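Written out below as structure tokens is the structure these notes cover.
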Amino acid sequence: MSELADAIVVGAGVHGASLAFHLAARGLDVVVLERETVAAGATGRSSGFVRMHYDLESEARLAWASFPYFRDWAGVVGTGDCGFVRTGFVQLVPAGLADNLRANVAMHRRIGIDSRLIEADELARIVPGIVTDDIVAAAYEPASGYADPTGTASGFLAAARARGTRLVQGCRVHSVTVEAGRVTGVDTDQGSYSAPVVVDAAGAWAAELARTVGVEVPVEPWRHDTAYFGLPDGRSTDFPIVIDDIHGAYFRPEGTELMLVGLESGNEIGGSPDRPLGALHDGAIEQMVASVCSRVPWMAAGTFRTAHGGQDGITPDQRAIIDRVGPDGFYLACGFSGTGFKIAPAVGASLAELIVDGRTTTADISDFRLGRFAEGRHLVGEHPYDRLWR
């Protein structure tokens, strides 16, 4: 006999966890099915940025609506700890995109985000020892920072479970079941589950699951490398997150003595999401060192500590798919393309509203419809930067 629920969420990453929390808060009986363990996929390998700077207004609005969750986790969620650390955030772009950056900061300020343009001298105060010779304009968000992605997902799920949500780990969903054009549940390697609502939040596996209801989703596995370096003697973690599009890298403090570094290029796209995560690609560590030391030369005295690969689902425009598609009761929350962590609270709230009320009030998610791809309409900001992952 099938277990019964009001809604089934497939995937216990931060998006599935956020959605479960918001659905449970609306009184729904929710089951979360996870093929491995909580945050075992993209979430657990996320760099955890909590910043609002996007060149697409609808994404910036989602990040802004999500920010209160990180800033006041105890007051908003009440269970667990997202581990938010305020560091500030700096966005650097090539000189040819300086006007776009200025326009995007203006857009962020119109939304209400605490963002401003800074000159080279202020940037040098914010990031000690930074090279500013090639900086025409920079954006700064003093209130932003980073959080613990696994702690965030676990906290959302703990709060959802306190409201009756059931979490089943080590459970692989084979297919979504449908009768007369309506979702009826899922079949798994642990039996069947029945519900009139199924949400595909399966990350790199999202396209496989959607295909079982005849929905083609342009989401491919995307792999990305991250490394941790020990800071030189005498250097502290008193510096902000920096996304340096000029050198194709980003970095942030980690704990009390480390720097986390990632690259914007050399990403592997395609292949089976089930293949093992391999070692860093050839030259990745050297490229990270070169990129970071070009911006903060004092890191030349740093030490390599460890590295890991991560995996997410990526779309052709590197923007998420959040939509109701296919048979009645089937929803997508996937394709976050490596930048979805910071928007997860508002995405979960908005999708819960769409499921329960038929419309959203937290944020407008209509830009993220699946149909945009069939229409040949990729999501691009009004004042765009280059594609993040190259």
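The values are calculated or read from the model by the stated rules, or taken from the named source; none is laboratory data. Please read these numbers as outputs of a predicted model, since none were measured by experiment. Counting neighbours? That spans all protein chains shown, and the Cβs are built from the backbone with ideal geometry, glycine included. Surface accessibility is based on the protein's heavy atoms, side chains included, excluding ligands, DNA and RNA. Shrake-Rupley method; radii C 1.70, N 1.55, O 1.52, S 1.80 Å.
Brief remarks follow.
- Taking every residue in the range 271-288 that is open to solvent by 50 Å² or more (accessible area, probe 1.4 Å) and assigned to a loop (DSSP other than H, G, I, E, B) and pairing it with any residue that is of a type outside the set (S, T, N, Q) and at pLDDT 95 or above, at least 6 positions away or on another chain, the pairs with Cβ-Cβ distances below 7 Å are G271/P221.
- In this structure, F239 does not qualify as outside any loop (DSSP other than H, G, I, E, B), among the aromatic types (F, W, Y) and within 30 Å of T87 (Cβ to Cβ).
- Set side by side, the residues D244, D233 differ, and just one is crowded, with 18+ Cβ neighbours inside 10 Å and either in contact with a Cys (Cβ under 9 Å, 6 or more places away or on another chain) or closer than 30 Å to L123 by Cα (or both), which is D244.
- Qualifying residue in the range 307-319 (condition: at pLDDT below 95 and either of a type in the set (A, V, I, L, M) or closer than 23 Å to R377 by Cα (or both)): yes
- Residue in the range 121-128 that is of a type in the set (K, R), open to solvent by 10 Å² or more (accessible area, probe 1.4 Å) and in contact (Cβ under 8 Å) with a residue 12 or more places away in the chain present: no
- Among the numbered conditions (1) within 20 Å of R51 (Cα to Cα); (2) out of contact with any Asp or Glu (no Cβ under 6 Å at 6 or more places or on another chain); (3) not hydrophobic (A, V, I, L, M, F, W, C), the only one that T132 does not meet is (1).
- Any chance A344 is outside any loop (DSSP other than H, G, I, E, B), open to solvent by less than 30 Å² (accessible area, probe 1.4 Å), under 22 Å from A42 (Cβ atoms) and aliphatic (A, V, I, L, M): yes
- Residue count for the range 142-165, restricted to those that are open to solvent by 30 Å² or more (accessible area, probe 1.4 Å) and in a helix (DSSP H, G or I): 5
- For the range 130-141, the condition of being under 16 Å from the mean Cα position of the chain (by Cα) and open to solvent by less than 30 Å² (accessible area, probe 1.4 Å) holds for none of the residues.
- Positions within the range 308-333 being crowded, with 17+ Cβ neighbours inside 10 Å, within 21 Å of H281 (Cβ to Cβ) and in contact with a helix residue (DSSP H, G or I) (Cβ under 9 Å, 6 or more places away or on another chain), in sequence order: G309, G310, Q311, D312, G313, I314
- The residue pairs whose first member lies in the range 28-44 and is within 13 Å of Q169 (Cα to Cα), whose second member is open to solvent by 30 Å² or more (accessible area, probe 1.4 Å) and not in a strand (DSSP E or B), and whose beta carbons are closer than 7 Å, counting only pairs six or more residues apart or on different chains, are R35/R172; E36/G170; V38/S154; A39/T150; A39/S154.
- Subset of the range 257-269 that is at pLDDT 95 or above and out of contact with any helix residue (DSSP H, G or I) (no Cβ under 9 Å at 6 or more places or on another chain) - its residue that is most open to solvent (accessible area, probe 1.4 Å): E257
- Residues that are touching a Leu at 6+ places or on another chain (Cβ under 9 Å) and either closer than 22 Å to K342 by Cβ or surrounded by fewer than 24 Cβ atoms within 10 Å (Cβ to Cβ) (or both), drawn from the range 11-30: G11, A12, H15, G16, A17, S18, L19, A20, F21, H22, L23, D29
- From the list S115, S58, S47, the lone residue that is under 30 Å from F330 (Cβ atoms), among the polar types (S, T, N, Q) and touching a residue at least 12 places away in the same chain (Cβ under 8 Å) is S58.
- Of the strands (runs of 3 or more DSSP E) contained entirely in the range 169-219, those carrying at least 2 residues that are exposed (fewer than 14 other Cβ atoms within 10 Å of the Cβ) fall at 173-179.
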